[in-house]
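*Asks:* Provided herewith is a single structure, encoded as C-alpha coordinates, for subsequent inquiry.
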Amino acid sequence: PIARTLVSGVIIELTLATALIHLDLGGTLFTLNGLGYLALAAAYALAAARLPALRRYGWLPRVGLAGYAAVTIGAYLVVGPYFALGWITKGIELAIIGLVTADLTFEYGLPASLAGNASTGRLGRTA
(Lines give C-alpha, C1' and ligand atoms only; values in the text may rest on other atoms or scores of the structure.)
Protein backbone atom coordinates (compact mmCIF):
# COMPACT_ATOMS: atom_id res chain seq x y z
CA PRO A 1 0.00 0.00 0.00
CA ILE A 2 2.73 2.50 0.87
CA ALA A 3 4.76 1.64 -2.23
CA ARG A 4 1.69 2.04 -4.44
CA THR A 5 0.87 5.38 -2.85
CA LEU A 6 4.45 6.55 -3.29
CA VAL A 7 4.56 5.47 -6.95
CA SER A 8 1.21 7.15 -7.60
CA GLY A 9 2.39 10.37 -5.97
CA VAL A 10 5.61 10.43 -7.99
CA ILE A 11 3.68 9.80 -11.23
CA ILE A 12 1.32 12.69 -10.47
CA GLU A 13 4.19 15.01 -9.54
CA LEU A 14 6.17 14.18 -12.68
CA THR A 15 3.07 14.65 -14.82
CA LEU A 16 2.38 18.04 -13.23
CA ALA A 17 6.03 19.06 -13.73
CA THR A 18 5.82 18.13 -17.41
CA ALA A 19 2.52 19.99 -17.75
CA LEU A 20 3.96 23.14 -16.20
CA ILE A 21 7.05 23.01 -18.41
CA HIS A 22 4.88 22.77 -21.52
CA LEU A 23 2.52 25.52 -20.35
CA ASP A 24 5.45 27.80 -19.56
CA LEU A 25 6.86 27.41 -23.07
CA GLY A 26 3.78 29.04 -24.59
CA GLY A 27 2.53 28.55 -28.12
CA THR A 28 -0.52 26.59 -29.15
CA LEU A 29 1.03 23.12 -29.33
CA PHE A 30 2.92 23.42 -26.05
CA THR A 31 -0.15 24.84 -24.29
CA LEU A 32 -2.41 22.07 -25.58
CA ASN A 33 0.18 19.47 -24.59
CA GLY A 34 0.39 20.96 -21.09
CA LEU A 35 -3.39 21.00 -20.73
CA GLY A 36 -3.49 17.36 -21.87
CA TYR A 37 -1.00 16.44 -19.16
CA LEU A 38 -3.06 18.31 -16.55
CA ALA A 39 -6.20 16.41 -17.58
CA LEU A 40 -4.37 13.08 -17.50
CA ALA A 41 -2.88 13.88 -14.09
CA ALA A 42 -6.39 14.48 -12.74
CA ALA A 43 -7.71 11.30 -14.36
CA TYR A 44 -4.77 9.30 -13.02
CA ALA A 45 -5.32 10.72 -9.52
CA LEU A 46 -8.94 9.53 -9.62
CA ALA A 47 -7.84 6.08 -10.81
CA ALA A 48 -5.14 5.88 -8.15
CA ALA A 49 -7.71 6.69 -5.45
CA ARG A 50 -9.33 3.31 -6.26
CA LEU A 51 -12.86 4.61 -5.96
CA PRO A 52 -15.32 1.70 -6.24
CA ALA A 53 -17.32 3.37 -9.04
CA LEU A 54 -14.17 3.80 -11.15
CA ARG A 55 -12.33 0.54 -10.45
CA ARG A 56 -13.34 -1.18 -13.65
CA TYR A 57 -11.80 1.60 -15.74
CA GLY A 58 -8.78 2.39 -13.56
CA TRP A 59 -6.47 1.06 -16.26
CA LEU A 60 -7.64 3.61 -18.84
CA PRO A 61 -5.97 6.79 -17.48
CA ARG A 62 -2.81 4.81 -16.76
CA VAL A 63 -2.53 3.52 -20.32
CA GLY A 64 -3.62 6.92 -21.65
CA LEU A 65 -0.91 8.74 -19.70
CA ALA A 66 1.84 6.36 -20.80
CA GLY A 67 0.66 6.55 -24.41
CA TYR A 68 0.43 10.34 -24.30
CA ALA A 69 3.97 10.60 -22.96
CA ALA A 70 5.22 8.21 -25.66
CA VAL A 71 3.53 10.23 -28.42
CA THR A 72 4.97 13.45 -26.98
CA ILE A 73 8.47 11.96 -27.02
CA GLY A 74 8.00 10.80 -30.60
CA ALA A 75 6.72 14.20 -31.69
CA TYR A 76 9.70 15.91 -30.07
CA LEU A 77 12.14 13.63 -31.84
CA VAL A 78 10.48 14.31 -35.20
CA VAL A 79 9.71 18.02 -34.88
CA GLY A 80 12.06 19.44 -32.24
CA PRO A 81 13.12 22.12 -31.30
CA TYR A 82 16.07 20.49 -29.55
CA PHE A 83 17.28 22.25 -26.42
CA ALA A 84 18.33 21.28 -22.90
CA LEU A 85 14.93 21.70 -21.24
CA GLY A 86 13.36 19.61 -24.00
CA TRP A 87 15.68 16.69 -23.27
CA ILE A 88 15.09 17.03 -19.53
CA THR A 89 11.34 16.91 -20.18
CA LYS A 90 11.77 13.79 -22.33
CA GLY A 91 13.63 12.18 -19.40
CA ILE A 92 10.70 13.03 -17.13
CA GLU A 93 8.29 11.54 -19.66
CA LEU A 94 10.38 8.34 -19.88
CA ALA A 95 10.19 8.12 -16.09
CA ILE A 96 6.40 8.55 -16.29
CA ILE A 97 6.18 5.68 -18.79
CA GLY A 98 8.34 3.41 -16.61
CA LEU A 99 6.45 4.20 -13.41
CA VAL A 100 3.05 3.82 -15.04
CA THR A 101 4.17 0.43 -16.36
CA ALA A 102 5.19 -0.55 -12.83
CA ASP A 103 1.89 0.75 -11.48
CA LEU A 104 -0.08 -1.27 -14.03
CA THR A 105 1.90 -4.35 -13.01
CA PHE A 106 1.16 -3.68 -9.31
CA GLU A 107 -2.55 -3.28 -9.99
CA TYR A 108 -3.23 -5.89 -12.65
CA GLY A 109 -0.38 -8.36 -12.53
CA LEU A 110 1.77 -9.19 -15.50
CA PRO A 111 1.20 -7.14 -18.66
CA ALA A 112 -0.17 -10.24 -20.42
CA SER A 113 -3.00 -10.45 -17.90
CA LEU A 114 -3.81 -6.73 -18.06
CA ALA A 115 -6.53 -7.09 -20.68
CA GLY A 116 -8.34 -9.86 -18.84
CA ASN A 117 -8.14 -8.24 -15.42
CA ALA A 118 -9.05 -4.78 -16.71
CA SER A 119 -12.10 -6.02 -18.57
CA THR A 120 -13.48 -7.74 -15.48
CA GLY A 121 -12.62 -4.82 -13.19
CA ARG A 122 -10.57 -7.01 -10.85
CA LEU A 123 -7.65 -5.25 -9.29
CA GLY A 124 -4.52 -7.03 -8.16
CA ARG A 125 -2.81 -10.10 -9.38
CA THR A 126 -4.77 -13.21 -10.22
CA ALA A 127 -3.63 -16.36 -8.47
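The values are calculated or read from the model by the stated rules, or taken from the named source; none is laboratory data. Just so you know, these numbers come straight off a predicted model, no measurement behind them. Using ideal geometry, Cβ is built from the backbone for each residue, glycine included, and neighbour counts are taken over all protein chains shown. Each accessible area value is taken on the protein alone, full model and side chains, heavy atoms only, with ligands, DNA and RNA left out. Shrake-Rupley method; radii C 1.70, N 1.55, O 1.52, S 1.80 Å.
*Asks:* Please work out if residue 31 is polar (S, T, N, Q), free of Cβ contacts under 8 Å to residues at least 60 places away in the same chain and touching an Asp or Glu at 6+ places or on another chain (Cβ under 9 Å).
*Replies:* It is false that residue 31 is polar (S, T, N, Q), free of Cβ contacts under 8 Å to residues at least 60 places away in the same chain and touching an Asp or Glu at 6+ places or on another chain (Cβ under 9 Å).
*Asks:* If you don't mind, there's one more thing I want to ask. Taking the stretch 1-30, which residues are part of a helix (DSSP H, G or I) and open to solvent by less than 50 Å² (accessible area, probe 1.4 Å)?
*Replies:* Passing the criteria: 7, 8, 9, 11, 12, 14, 15, 17, 18, 19, 21, 22.
*Asks:* Checking residue 80 against (1) farther than 30 Å from residue 109 by Cα; (2) crowded, with 19+ Cβ neighbours inside 10 Å, which single condition isn't satisfied?
*Replies:* With (1) farther than 30 Å from residue 109 by Cα; (2) crowded, with 19+ Cβ neighbours inside 10 Å applied to residue 80, the lone miss is (2).
*Asks:* Go through the residues of the stretch 47-55 one by one and say whether even a single one is part of a loop (DSSP other than H, G, I, E, B) and open to solvent by 70 Å² or more (accessible area, probe 1.4 Å).
*Replies:* yes
*Asks:* Moving on to the next point. If a residue has to be among the β-branched types (Val, Ile, Thr) and without any contact (Cβ under 8 Å) to a residue 40 or more places away in the chain to count, how many in the stretch 89-109 make the cut?
*Replies:* Residues that pass the stated criteria total 3.
*Asks:* Look through the stretch 56-74, keep the residues that are within 22 Å of residue 1 (Cβ to Cβ) and in contact with a helix residue (DSSP H, G or I) (Cβ under 7 Å, 6 or more places away or on another chain), and return whichever of them is surrounded by the most Cβ atoms within 10 Å (Cβ to Cβ).
*Replies:* Only one residue fits best here, namely 65.
*Asks:* Quick check on my filter: what residues within the stretch 58-79 are part of a helix (DSSP H, G or I) and among the small types (Gly, Ala, Ser)?
*Replies:* Matches in the stretch 58-79: 64, 66, 67, 69, 70, 74, 75.
*Asks:* Looking only at the stretch 51-67, decide whether some residue is in contact with an Asp or Glu (Cβ under 9 Å, 6 or more places away or on another chain) and free of Cβ contacts under 8 Å to residues at least 24 places away in the same chain.
*Replies:* The answer is no; no qualifying residue exists.
*Asks:* Report yes if some residue within the stretch 119-127 is at pLDDT below 95, in a helix (DSSP H, G or I) and open to solvent by 40 Å² or more (accessible area, probe 1.4 Å); otherwise report no.
*Replies:* Yes.
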